[in-house]
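The values are calculated or read from the model by the stated rules, or taken from the named source; none is laboratory data. As the structure is a computational prediction, the values presented were derived from the model and not from experiment. FYI the Cβ positions are ideal-geometry reconstructions off the backbone, even for glycines, and counts take in every protein chain you see.
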Amino acid sequence: MKEGGDNEILTRYLLGELSEQEQERVEERYLGEREMFERLLAVEDEIIDAYTMGSLKGAERERFEKHFLRSSARRDRVEFAETWAVYIDRLPETSPDGKASESRFFNLFRNRAAMVPLAAIALLIIVSAWLIVETAWLKNELEEVSSERASLESRQQELEQQIEEQTSRNRQLEGELESERQRNQQIDSRQASSEIAFLLSSNVARGAGSGKELVITAGTERVRLQAVLIEDLHSGYRAALKTVEGAIIKSWSSLASQGGRNGRIILMTLPAAALKSGDYILTLTGVTDSGATETIDEYPFRVVKR
């Protein structure tokens, strides 16, 4: 970018005409490039001179007052420039013809005897003023950077606290989930130990007189009988459990077949307390669509309670 282009960008920056992204790019340049920083100070001086001399008009003057003068350091510089302008304006006119092209300030020094000490004083005043303004400007910039840093540190602390709280909450949830999992395992374990499944093979396939033995241990609450079907030819089933002496222990109606690892089965459940040690026969009856019934099979077995 050429110098003229830089000066235009810096002028717009000082008057607040740039977007936020453009402002950031300008700040990165003058903070990283000494030449750009010195050019920024020169453009500031030009704008201040234009303002104090009254050549800054309209919208530019309004933006100068609203944006540029927000900084206390810049207000001090403008105040000094205005005071200096008043001082120069009050100096006596030494040129008899009063030509407008000649500055009153330089007319004062046409006398060589007075020029050297006055010039030294003027230079000292200018340098001192510049150092004061520069120090104030740098101090203001430092305060702004410190404020931004404190804000960032505060935000970092807030984020760290939120992360710590979330981590603690996650640990708590993990503990609750683990407790729930263990509780469910205990429930499943108790349910598994309180119920026993017993598979009954068909009397026809097994051969008459070869009943199976059902061992019921202490703590068993339910028995699930699974009667295997040779053929599943009926829409519904009924079943009756009797002792070999003919006493009915339990009966079931509206049973339906279902799939199992051993083929189609009929599932029936009864309390373990209803069974005592001894021999039993389960009689399975099929129900046709017309409502007629027929005995399908019998499943003899022996119960041993321990």
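Quick look at the values:
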| item | result |
| --- | --- |
| Residue in region 244-255 that is of a type in the set (A, V, I, L, M, F, W, C), assigned to a strand (DSSP E or B) and over 18 Å from E298 (Cα atoms) present | no |
| Verdict on L214 being at pLDDT 90 or above, within 30 Å of F301 (Cβ to Cβ) and outside the structural domain of F37 (by TED's automatic domain parsing) | yes |
| Residue count for region 231-270, restricted to those that are in contact (Cβ under 8 Å) with a residue 40 or more places away in the chain, within 13 Å of T285 (Cα to Cα) and surrounded by fewer than 15 Cβ atoms within 10 Å (Cβ to Cβ) | 2 |
| Within region 168-210, considering residues that are modelled with pLDDT of 85 or more and either outside any helix (DSSP H, G or I) or in the same structural domain as T295 (by TED's automatic domain parsing) (or both), the one surrounded by the most Cβ atoms within 10 Å (Cβ to Cβ) | L200 |
| Close pairs from region 177-196: first under 11 Å from G219 (Cα atoms), partner modelled with pLDDT of 80 or more and acidic (D, E), Cβ under 7 Å, at least 6 apart | S194/E221; E195/E221 |
| Within region 70-86, tally of residues that are loosely packed, with under 12 Cβ neighbours inside 10 Å and at pLDDT below 80 | 1 |
| Condition met for A113 (in a helix (DSSP H, G or I), more than 60 Å from the chain's Cα centre (by Cα) and modelled with pLDDT under 80) | yes |
| Odd one out for F301 among (1) farther than 21 Å from S194 by Cβ; (2) touching an Asp or Glu at 6+ places or on another chain (Cβ under 9 Å) | (1) |
| Residue match in region 260-278 (condition: in a loop (DSSP other than H, G, I, E, B) and out of contact with any Lys or Arg (no Cβ under 8 Å at 6 or more places or on another chain)) | yes |
| Flag if G219 is surrounded by fewer than 18 Cβ atoms within 10 Å (Cβ to Cβ) and either among the acidic types (D, E) or part of a loop (DSSP other than H, G, I, E, B) (or both) | yes |
| Residues located in region 44-61, provided they are touching a residue at least 12 places away in the same chain (Cβ under 8 Å), among the aliphatic types (A, V, I, L, M) and not in a loop (DSSP other than H, G, I, E, B) | I47, I48 |
